[in-house]
Amino acid sequence: MGKALEGVRILDMTHVQSGPTCTQLLAWFGADVLKVERPGVGDATRGQLRDIPGVDSLYFTMLNHNKRSITLNTKTETGKAIFERLIEECDVLVENFAPGALDRMGFTWERIQEINPRIIYASVKGFGPGPYQDCKVYENVAQCTGGSASTTGFDDGPPLVTGAQIGDSGTGLHLALGIVTALYHREQSGRGQRVECAMQDGVLNLCRVKMRDQQRLAHGPLKEYPQYPNGTFGEAAPRSGNASGGGQPGWVVKTKGWETDPNAYIYVITQAAAFPGLARAIGREDWLDDPEWNTPEARLPKLDRVFAEIEKWTMTKDKFEVMEILNPLNVPCGPILSMKELAEESSLRATGTVVEVDHPTRGSYLSVGNPVKLSDSPSEVGRSPLLGEHTSEIMQDVLGYSAEEIEAARRDGAIGREDAEQPAAA
Ligand SMILES: CC(C)(COP(=O)(O)OP(=O)(O)OC[C@H]1O[C@@H](n2cnc3c(N)ncnc32)[C@H](O)[C@@H]1OP(=O)(O)O)[C@@H](O)C(=O)NCCC(=O)NCCS
């Protein structure tokens, strides 16, 4: 069984999170990803949030699995010549520099196409064309400008960013789809194309249902929001607390131990069809004959009271017990799982979604593996490369440089010295 993207070679100019998550996905599916980094410096995340002095951070090692690293200074003449050879040999160039960085190095889309008309050139930027196109952007800026923050949090509190990295990893995921789509199109057209995804656009795409709600507002209050019926609605889709974004009411309720455990909570969805079972389970079978409670319409204006009653019951059980009781009743519910619980979850280990990987300087580390499973194409999760670990190998095997030429490029400072590349202790 071959890997799905075997034979595809990626020229990976990405750094930090958004771009690296994209090329990491492609690498998991079997693409040969050549990560280009500045000699002696490398991706800034190698040294950020470091837990062990002198060792690549988890930030880096968890975002750069299965790649090869070549150090190259693309601002020197020799470096530019090597970069051109890389463009010739690769199927896809991916980058997420600040706007215009690659152009400033002399590599415009026109120039890149001249070098290799089959190459696909994919970029993440903070914003698309418009007033903010030149701005540098990080995760939370994208969450704030893409509609997520204005709709996350409680109505009486400030906007909130979420822990899910929808700006960085979300945009990386969008870009990966653009790249494989362009690769597929190249099969017929024979030509590469430009693929761009702005983080603002990627976040907005993930907030699609909030744009839905924005338009629904014109036709009356959003009845599934906690502001209904007693609060007020303004001109913009408001923050909805823990309300369910779908047609079925849901909320987070406390479970046993919530006083000391910040994650002793469970999300419960009061799906109409399963409501009778839920009412019986919590000891409120009286609701079933009561027109004040026995239809979704009757319950809608008093969902807070419905969930308060459910909570009285869930507070007597731990979150897993609640799940065990409610699931057979077809009541969708989700215990609030901590990162600790997820890291220890045996079923996630069994599927490879949580993996342990060995690293030469760090030792074994835990990572999130490929969440997408293909039945016929295996996906292995290997460690991240050391800075410049594969410089000579790539120069020789991919680009066909001789040992003398490699040494000359090293003397020029175009590529790094492999024995001197490892980061200094933080
Ligand atoms: C993430 C971001 C804010 C970081 O900004 P930054 O640390 O200032 O880094 P830049 O992207 O501006 O790149 C820094 C410089 O390094 C240079 N550089 C990068 N790799 C190089 C290499 N191998 N050789 C020589 N120079 C290199 C770039 O050309 C750029 O130089 P320039 O400013 O003279 O053009 C910015 O890259 C950005 O907005 N990216 C797009 C959006 C994005 O992906 N954000 C999310 C990141 S998770």
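Please specify each residue of region 130-148 satisfying the condition of being more than 12 Å from the ligand (Cβ to nearest atom), open to solvent by 70 Å² or more (accessible area, probe 1.4 Å) and in a loop (DSSP other than H, G, I, E, B).
Listed by number, the list holds a single entry, Pro131.
What's the number of the only condition in (1) more than 33 Å from the chain's Cα centre (by Cα); (2) within 30 Å of Gln215 (Cβ to Cβ); (3) open to solvent by less than 20 Å² (accessible area, probe 1.4 Å) that Ala279 fails to meet?
Going through (1) more than 33 Å from the chain's Cα centre (by Cα); (2) within 30 Å of Gln215 (Cβ to Cβ); (3) open to solvent by less than 20 Å² (accessible area, probe 1.4 Å) one by one, Ala279 breaks only (2).
Counting only residues that are part of a helix (DSSP H, G or I) and open to solvent by less than 10 Å² (accessible area, probe 1.4 Å), which one in region 13-23 is farthest from the ligand (Cβ to nearest atom)?
Looking at the filtered set, the residue picked out is Thr23.
Being free of Cβ contacts under 8 Å to residues at least 24 places away in the same chain and open to solvent by less than 80 Å² (accessible area, probe 1.4 Å) is true for just one of Ala343, Ala414, Ala409. Which residue is that?
Ala343 is the lone residue from the list that is free of Cβ contacts under 8 Å to residues at least 24 places away in the same chain and open to solvent by less than 80 Å² (accessible area, probe 1.4 Å).
Of the numbered conditions (1) open to solvent by 70 Å² or more (accessible area, probe 1.4 Å); (2) on the phi > 0 side of the Ramachandran plot; (3) among the small types (Gly, Ala, Ser), Gly400 satisfies every one except a single condition; which is it?
Result: Gly400 fails condition (1) only.
Does region 25-43 contain any residue that is in contact (Cβ under 8 Å) with a residue 12 or more places away in the chain, within 18 Å of the chain's Cα centre (by Cα) and open to solvent by 30 Å² or more (accessible area, probe 1.4 Å)?
Yes: one or more hits.
Looking only at region 205-224, count every residue that is touching a residue at least 40 places away in the same chain (Cβ under 8 Å) and more than 30 Å from Leu175 (Cα to Cα) and tell me the total.
So the answer is 2.
Check Gly202, Gly157, Gly153 and return the single one that is surrounded by fewer than 17 Cβ atoms within 10 Å (Cβ to Cβ) and in contact (Cβ under 8 Å) with a residue 40 or more places away in the chain.
Sole residue among the options that is surrounded by fewer than 17 Cβ atoms within 10 Å (Cβ to Cβ) and in contact (Cβ under 8 Å) with a residue 40 or more places away in the chain: Gly157.
Return a yes/no flag: does region 106-113 have any residue that is more than 25 Å from Asn205 (Cβ to Cβ), more than 9 Å from the ligand (Cβ to nearest atom), touching a residue at least 24 places away in the same chain (Cβ under 8 Å) and basic (Lys, Arg).
No; the residues of region 106-113 include none that is more than 25 Å from Asn205 (Cβ to Cβ), more than 9 Å from the ligand (Cβ to nearest atom), touching a residue at least 24 places away in the same chain (Cβ under 8 Å) and basic (Lys, Arg).
Taking helices (runs of 4 or more DSSP H) that fall entirely within region 308-426, which contain at least 1 residues that are touching a helix residue (DSSP H, G or I) at 6+ places or on another chain (Cβ under 9 Å) and under 30 Å from Gly246 (Cα atoms)?
Hits in region 308-426: 319-326, 339-344, 346-351.
I'm checking my understanding of the structure. Among residues of region 227-276 that are of a type in the set (Val, Ile, Thr) and either surrounded by 16 or more Cβ atoms within 10 Å (Cβ to Cβ) or modelled with pLDDT of 95 or more (or both), which one is farthest from Asp304 (Cα to Cα)?
Thr260
With the requirement that a residue be within 19 Å of Lys223 (Cβ to Cβ), of a type outside the set (Lys, Arg) and under 38 Å from the mean Cα position of the chain (by Cα), what does region 282-309 give you?
Residues satisfying the conditions are Pro296, Glu297, Leu300, Pro301, Leu303, Asp304, Val306, Phe307, Ala308.
Cβ-Cβ distance below 9 Å, separation of 6 or more or different chains: which pairs start in region 315-327 with a residue that is polar (S, T, N, Q) and end on one that is open to solvent by 80 Å² or more (accessible area, probe 1.4 Å)?
Thr316/Lys256
The values are calculated or read from the model by the stated rules, or taken from the named source; none is laboratory data. The structure displayed is predicted, hence computed values, not measured ones. As a convention, Cβ positions derive from the backbone with ideal geometry for all residues, glycine included, and neighbour counts pool all protein chains shown. Areas reflect the complete protein model, heavy atoms only, side chains present, ligands, DNA and RNA absent. Shrake-Rupley method; radii C 1.70, N 1.55, O 1.52, S 1.80 Å.
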